[in-house]
Each structure stands twice: as structure tokens, then as C-alpha cells.
Amino acid sequence: MSGPTAREAVLGRIRDALALAPPGRQPVPRAYRTGRTLPDDERLALFTGRLADYRAGVRVCTAAATAEAVAGALDAHGARRVGVPPGLDPAWLERFGGEVLVDSAAVSPRMLDGLDAVVTASAAACAETGTVLLDGSPDQGRRALSLVPDVHVLVVGLSTVAAGVPEALALLVPGRPTTLVSGPSATSDIELERVEGVHGPRVLEVVLRTDA
Amino acid sequence: MTRPSRPGAAAGSGDDPPERPLPGTPAPPPHAPPGTGRLRGDTPFPRAARAALGDHTLRDNLRRATGTIRARRLAATRELPDWERLRDAGAALKSEALDRLPELLPQLEAAFTGRGGTVHWARDAAEANAIVTRLVRETGSEEVVKVKSMATQEIGLNEHLARQGITAYETDLAELIVQLSGDRPSHILVPAIHRNREEIRGILRDGIPDADPRLGSDPAELAAAARAHLRERFLTVPVAVSGANFGIAETGTLCVVESEGNGRMCLTLPRTLITVMGIEKVVPLHRDLEVFLQLLPRSATGERMNPYTSLWTGVTPGDGPQEVHLVLLDNGRTAALADPLGRGALGCIRCSACLNVCPVYERVGGHAYGSTYPGPIGAVLSPYLAGMHATGDDPNRTLPYASTLCGACLDACPVRIDLPAMLVDLRRRHTEEAGRTPEALAMRTAGAVMRRPRLYTAAQRTAARLARAAARREGRITRLPPPLAGWTEARDAPVPARDAFRSWFASPEGAAAMRAAAREGERRRAAHEGPGGGAPADGHDRREEER
Ligand code: SF4
């Protein structure tokens, strides 16, 4: 139908346009900050401060206390039915008293909608913007899982918290389905006032493990 | 109509390009054809602006909203010590990507296809609409959920789908408000920026089936109503249509930047995902996101990062839509590309900062511009994409005059698009088209006058003289030349209704009004802020050299 002919036409127009107004190619100056590193305590302070600005919950703990922190976050929001990706460390839910559903292809979006909360790990994070990056690895699960339930408990290791945006994005594997999460879902559509909680999880709780 | 060809003449000035002069020589690419989509309004800017100026609720809503967002943007951009260097990189990357389109688009296509996606090409709006319709039909669905997208607004996709019996549900809150009220978007980021909470309450209460009649006007309550309303759609509608903020040639990855999670819902839950993306949205490397994901959120909503950014590459088995399409849209972009200056407008990342700082936009709102793209970027992009003389009385030819040329937009633009230079150039072209008519003379003068308030007093005298002379040659003073009338009527001043621009221009009130508007722009530029924000001069955002 419109396939090859439209393709050839558009590419032909582009070549014509560039011939009519030849480009003056210039190198891209990448003089902005990259490769930054910050000591642990500074990254921790920066990251948790940014998360607080987004009104995300933060629980700082050691790796050994993960299960306690996760249970605390879930209990604080009255979550009884919780979804987890198949690759999540089961030990993280050991202190949680409610029902745990391990996600699989058989779980429909409507079933996810029936969950109170979801617990996932994360691929990386960015301190300067308070962003957590998910890449669909087995401990993070498919994208629908961390989207549909109303409470998202995110477990982040401090060693994966990069200083800035370039440093955090460099930790990603390109091509994976990736979601950058900066606080709970929000809108500024009504008089530019930021309101937390529209379609994504209205509650974001970050469990930050200082020795992981 | 065919006019003699001159380099770069096709974009911005004419309708259809001249014939190819010789075989093998490049032909100016065509503008977006009129008739389909929305790259021009029905009313010249002046008349539309005058109507908007009479709406006090609109003006109050806009003043409050743009003031808030300006302050937030400044705080967010000042926080980064390398902001100017990020802008340099962003501008250069966009320019590089445009120069390399012949190689980057096939690269993007190959990478996206290699991961199980399908790529389609569309010369114009009608072709893109037909492709999307066919793809939706093939799924058997009569409904689609939509992520806010400028490209699909530009091509009039929702209206086209409706005519084909397919219902499109807008899922962005502001788009939903606009859709439920039968309105049009007035801002590229916050389409319902012209509505206040009380108005929104009424729209949601009346427009959402089973809405609580006691729905309050608290934004959180309004957002919750939208959440409840759309949840069922997300869970059941099998097809989504999105735009894309960036398409990465290197990896075939598409990127959507959003806030509410409606984007994630659409990009994740349906079986089929159709993305319509302008060809100018391609960037070379995955790494380039490190620049744009800093520039865009801080310039757009003044946040350090927007709540959600989604990246997907073709199909991921077991995760998200299993059938993904990408429609690459020209629709006049190649016409803009053929223009050495206009090409720069294709670098726009749709942050809306130029709208929010523009003293003209703040007064008249987005509807007055007619096109999907309002504000300073719209005033250049609409003519570059669709032309200024495609119809007998093309409203697009008035758009380059919808500015005081104060330069605030250039200062704010994260990718340093030289909007004032483009506005001046489009005015020049328009006056060339118009020849030595009184309209042309008067407008040429107006262009110069508005550029520098310092020159204003002297220039206005000359302008009045020129206008009088022109009128004398004609033997009488006829009705107002529309673009000039538009500019004067867009001011907040008592303007005699007819035939009076020239005398008004020379009068003390006219002089005062124009001087005030231009000074305000100048002040805003110097302080990098508008009235009400009260922010001090920006330490690192220096104004560019004098143009
Ligand atoms: S022209 Fe620049 S400031 Fe305006 S919307 Fe585009 S990127 Fe933003």
C-alpha cells in the first residue's frame, strides 16, 4: 500500500531538502557533567531528599533488615494482597503477613488491578533527580506489574544509586523495556498544581539498602 | 500557483513547490497539504486574539498558570551548574540529527524492525490517518486509548478515526478535559491550561458517566475522578495510539515522557501499540537521552524529572504490546528542512517553555494561533510546515506578527531555537509576497519597531509617516491591514475598531501601549522572568548577542 513508495518519497524529499540547504555539520559539544561520583553519604542524602520532594516514602535500612522494611512499608498502607515478580528474592517478603502473588503470564491486568501493592527491585537510580530505573529484569518483572497496583514498594541498593542523569542512564542495558520512575504518579494539569496520584501508583515507597 | 524558485523559498512562504527545474536537481519538498489536520486555524490571529482578550476568565487563568510555571522552570534550571552546556549539547544534537536524517531514519527503521516492530512511512496527514485506521481495523477493535501526542493532533487523527467509526479515548487528564468539553487544546503541554478548577469540575461532572454530582473542585478529587473513569478503559481497550518524544536510531528505542501514568498504561496494557512520530524526533544515540532527559522535564514542568519515562524497543516477549507499529510522519517537515533557518524549528522538543514566557501568548492563549502548535514555536512551525499562502486568506500569514520580538522565547528554549530570527524572516517573506502594498510597507515598519523598544519612539513616527504616505498613494485610508491590526488588537489597549491602526499607532495611547508591551518583553528577557514571578536576573542565562 503506502509502504515502499511513501518511504522512498519521504527519503527523497529529505535528500532534496538537504541538497537545497546543505548542512554545516558541527561536532556535538558534550561539555556537560558526566562521570560524576559522590561519596555514599552524599548520594544517600541527595537521593532521599529528592524522593521526599516528590512525596515518596523512604525507608533506609541495611540489607539484613530488608524484609522488615518491606513489611513496614506494606503495612503502613494496609496492603494485604501483594504482587511480586518471579525473580524477587522471597526472603524480602518473609516478614509480610499477607497474601503474595507471584506474577506470571497467566496473571491478567484485571488481576493486577485487584492487588493492593507490588514489591520490586530496581536496575539503577539517580540521586540528583530522585529517579529509580526499572528494566524488566526478573526481580523487577514486566511493566504492567509495577504499574497497575496502587502502591509500589521499590527496593534500591545504594551502590546502584548514581550521582546524576548521565551516570544513571549509563547503567542501563539499551533495548530492554525501561521505565524511569520519579515519585508517585502526578499531574499538574489543573492550574499547574502538582497532585500526586493519577493513573500510576499513587504511593511510592523506596526501601534503600545502604550496604547493597 | 507556481512561483519562480529561489533557494529555500518553498518552506514558509509558498503553497506548492515549483516543478523540478531540471531532472536530477533537487525539488523543494511540499508543505503539509491543507484540508487535513490542524496546522492552521479558520481565523486570522488578530481577530482570534481580540476575541480572547475579551475573555477575562481566560486571561486570569493563563496569567496565573504561566506565572507559576515560569518560576518553577527557573528554579529547576538554575539548580544545574551545567545548564548552558546541556543546552549547547541539545541544540547541536538536534542539528546533527536533522543533517543525518537520510542515514538515521533507515537505521531507526532497521533496529525497530529487527526487534519485531513494523515501520510505516507517511507523506502527509491523510496518509498517516489512513495507516493508523487500517492498523486499528486489523485488530478488530473499534476503540483506542491515546497518550497525549502533538503529532496525532496535528494530523487530526481523532476526528478521522471518529469518521471511520473508531472511538479514541484521550487519557491525559488535560486532554480528557478538552475532549469531554468539545474544546481544543490551548497549550502543548497542559492542553487545558485555559480552564480553572471550577470549570474543570463542571466538565468532569457533566462528561463522565456516573460521575458523583457532588464532585468537588479540589485538584486531587478531580484527578481521582479521572482515574476511576479511565481505569476500565485501560484494562479493556486492546489498541493504543501514542506519539514519541524521541526515537533512538542506534537502538530502535522509542521514548515517551509523561507524568500521570496514563502513558505507561497505554504503552503497556494493550495488545497493539501504534506510535506516530514526526521524522524530526530521531536522535542518533541512546546516550543522547542523557541530555534531553535533563533539558526536557526542567524546561517543561520545572521538575527535576517527570514522574514517568518509558523506553521500548520493538516487541518484548511477555512484556507489553506484542504488536508494535511506528508511523514516521513527514507532513511538511521536509519543507521546513529545506529552509536553512526554518530547519531549526524542527529541533523543538515540545517543552512549552517559549509559550510560558511569551507576553503575547499569556494574553491571548493558545486558541488564537489556530494551529495545533501555539505560542512562539507555533507562530513559526505552522508556517514552516504548512505554508503561509496555501489558501486565499491563509491565517498562517498573520502568525509571524504574533510577537513583540522581545527574545524571551530564545532565552528560555532548551535547544536554543532562534525563534525571533525566524519570526523576522517569515515577516520579511510575507512582505515580499505582498509586494509594495500599503500592507507590506506598514508591516515591514511594524516588524522593525517591535524589535527594540529603544527605537520605538523614533520608529513610530516614521511608521506613521510611511503609513500615511502609503495611504495617500492609494488615495484613501482603507481598512486595517490584518496582521498589523492583529498586533494592535492583541494589545491590552483601547483600539478603535476599524481603519484606525495607523492613527492609533501614532497616538499617545498607541505609543504607550506598544512601548509597554515591548518593555515588558524586554524586562522579562533581562530578568528572565515575567511579571509576578519576581525572580532576580538569571546568573547563567545571558541574553544572546543583539540581532
Ligand atoms: S521551541 Fe524551544 S522552548 Fe519552545 S517548545 Fe520547542 S523546545 Fe521548548
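The values are calculated or read from the model by the stated rules, or taken from the named source; none is laboratory data. Small disclaimer: the values here were computed from a predicted structure and weren't measured. Backbone-built Cβ (ideal geometry, glycine too); neighbour counts: all protein chains shown.
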- Query: Looking only at the range B:253-309, which residues are touching a Gly at 6+ places or on another chain (Cβ under 7 Å), over 17 Å from B:Val119 (Cα atoms) and more than 9 Å from every other protein chain (Cβ to nearest Cβ)?
  - Reply: B:Val256, B:Phe292, B:Leu295
- Query: In the range A:37-51, how many residues are charged (D, E, K, R) and either within 10 Å of chain B (Cβ to nearest Cβ) or under 17 Å from the mean Cα position of the chain (by Cα) (or both)?
  - Reply: 1
- Message: Where the second residue is among the hydroxyl-bearing types (Ser, Thr, Tyr) and in a loop (DSSP other than H, G, I, E, B) and the first is over 30 Å from B:Asp183 (Cα atoms) and lies in the range B:23-46, which pairs have Cβ atoms under 8 Å and are six or more apart or on separate chains?
- Response: B:Pro28/B:Ser5
- Message: Let me confirm something: among A:Arg176, A:Arg209, A:Arg110, which residue is in contact with a Cys (Cβ under 8 Å, 6 or more places away or on another chain) and farther than 22 Å from B:Ser259 by Cβ?
- Response: A:Arg209
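Consider the range B:405-422. How many of its residues are over 20 Å from B:Thr372 (Cβ atoms) and either within 14 Å of chain A (Cβ to nearest Cβ) or away from the ligand (no atom under 16 Å from the Cβ) (or both)?
Within the range B:405-422, the first condition is being over 20 Å from B:Thr372 (Cβ atoms), and the residues that meet it are B:405-408, B:410-412, B:414, B:416, B:418, B:420-421.
Okay, now just the ones that are also either within 14 Å of chain A (Cβ to nearest Cβ) or away from the ligand (no atom under 16 Å from the Cβ) (or both), so B:414, B:416.
Number satisfying all stated conditions: 2.
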- Filter result for B:Asn356 (within 14 Å of the ligand (Cβ to nearest atom), buried (at least 24 other Cβ atoms within 10 Å of the Cβ) and within 14 Å of another protein chain (Cβ to nearest Cβ)): yes
- Message: Can you tell me how many residues within the range B:378-401 are within 13 Å of the ligand (Cβ to nearest atom) and farther than 17 Å from B:Leu62 by Cβ?
- Response: 4
- Task: Give the residue that is surrounded by the fewest Cβ atoms within 10 Å (Cβ to Cβ), with candidates limited to residues of the range B:237-259 that are modelled with pLDDT of 95 or more and of a type in the set (Ser, Thr, Tyr).
- Result: B:Thr251
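Which of the strands (runs of 3 or more DSSP E) found entirely inside the range A:46-123 contain at least 2 residues meeting this: over 20 Å from B:Gly318 (Cα atoms)? Break it down stepwise before answering.
Numbers: elements: A:57-61, A:81-84, A:99-102, A:117-120.
Strands (runs of 3 or more DSSP E) meeting the threshold: A:57-61, A:81-84, A:99-102.
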- Query: Filtering the range B:310-324 down to residues that are of a type in the set (S, T, N, Q) and at the interface with another protein chain (Cβ under 9 Å from one of its Cβ atoms), which residue is farthest from B:Ile188 (Cα to Cα)?
  - Reply: B:Thr316
- Query: Taking B:Arg85 and the conditions (1) within 10 Å of another protein chain (Cβ to nearest Cβ); (2) in contact (Cβ under 8 Å) with a residue 40 or more places away in the chain; (3) part of a helix (DSSP H, G or I); (4) not hydroxyl-bearing (Ser, Thr, Tyr), which numbered condition does it fall short on, given that it satisfies the others?
  - Reply: (2)
- Task: Could you please tell me which pairs satisfy a Cβ distance under 6 Å, a separation of 6+ or placement on different chains, a first residue in the range A:186-198 that is more than 7 Å from chain B (Cβ to nearest Cβ), and a second residue that is assigned to a loop (DSSP other than H, G, I, E, B)?
- Result: A:Arg194/A:Ser188; A:Glu196/A:Arg55; A:Glu196/A:Pro184
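If you check A:Leu208, A:Leu204, which single one turns out to be in contact with a Pro (Cβ under 6 Å, 6 or more places away or on another chain) and part of a strand (DSSP E or B)?
Values: A:Leu208 fails: in contact with a Pro (Cβ under 6 Å, 6 or more places away or on another chain).
Just one listed residue meets the conditions, A:Leu204.
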- Scan of the range A:146-170 for residues that are more than 30 Å from B:Leu235 (Cα to Cα) and in contact with a helix residue (DSSP H, G or I) (Cβ under 7 Å, 6 or more places away or on another chain), ordered by number: A:Leu158, A:Val161, A:Ala162, A:Ala163, A:Val165, A:Pro166, A:Leu169
- Message: Can you tell me how many residues within the range A:6-35 are surrounded by 13 or more Cβ atoms within 10 Å (Cβ to Cβ), assigned to a loop (DSSP other than H, G, I, E, B) and more than 7 Å from chain B (Cβ to nearest Cβ)?
- Response: 1
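Determine whether A:Pro166 is in a loop (DSSP other than H, G, I, E, B) and farther than 16 Å from B:Pro219 by Cα.
So A:Pro166 fails the test.
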- Item | Positions within the range B:82-125 being touching a Ser or Thr at 6+ places or on another chain (Cβ under 9 Å), closer than 28 Å to A:Gly35 by Cβ and small (Gly, Ala, Ser), in sequence order | B:Ala111
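Filter the range B:108-123 for residues that are crowded, with 18+ Cβ neighbours inside 10 Å and not acidic (Asp, Glu) and give the result. First the steps, then the outcome.
Here is the first cut: in the range B:108-123, the residues crowded, with 18+ Cβ neighbours inside 10 Å are B:108-109, B:111-112, B:117, B:119-123.
If the condition is that a residue be crowded, with 18+ Cβ neighbours inside 10 Å and not acidic (Asp, Glu), then B:Leu108, B:Ala111, B:Phe112, B:Gly117, B:Val119, B:His120, B:Trp121, B:Ala122, B:Arg123 are the ones that fit.
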- Note on the structure: For the range B:359-377 the number of residues that are surrounded by fewer than 24 Cβ atoms within 10 Å (Cβ to Cβ) and within 10 Å of the ligand (Cβ to nearest atom) is 0
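Does B:Leu93 satisfy the criteria of being assigned to a helix (DSSP H, G or I), at pLDDT 85 or above and more than 13 Å from every other protein chain (Cβ to nearest Cβ)?
Values: assigned to a helix (DSSP H, G or I): yes; at pLDDT 85 or above: yes; more than 13 Å from every other protein chain (Cβ to nearest Cβ): no.
No, not satisfied.
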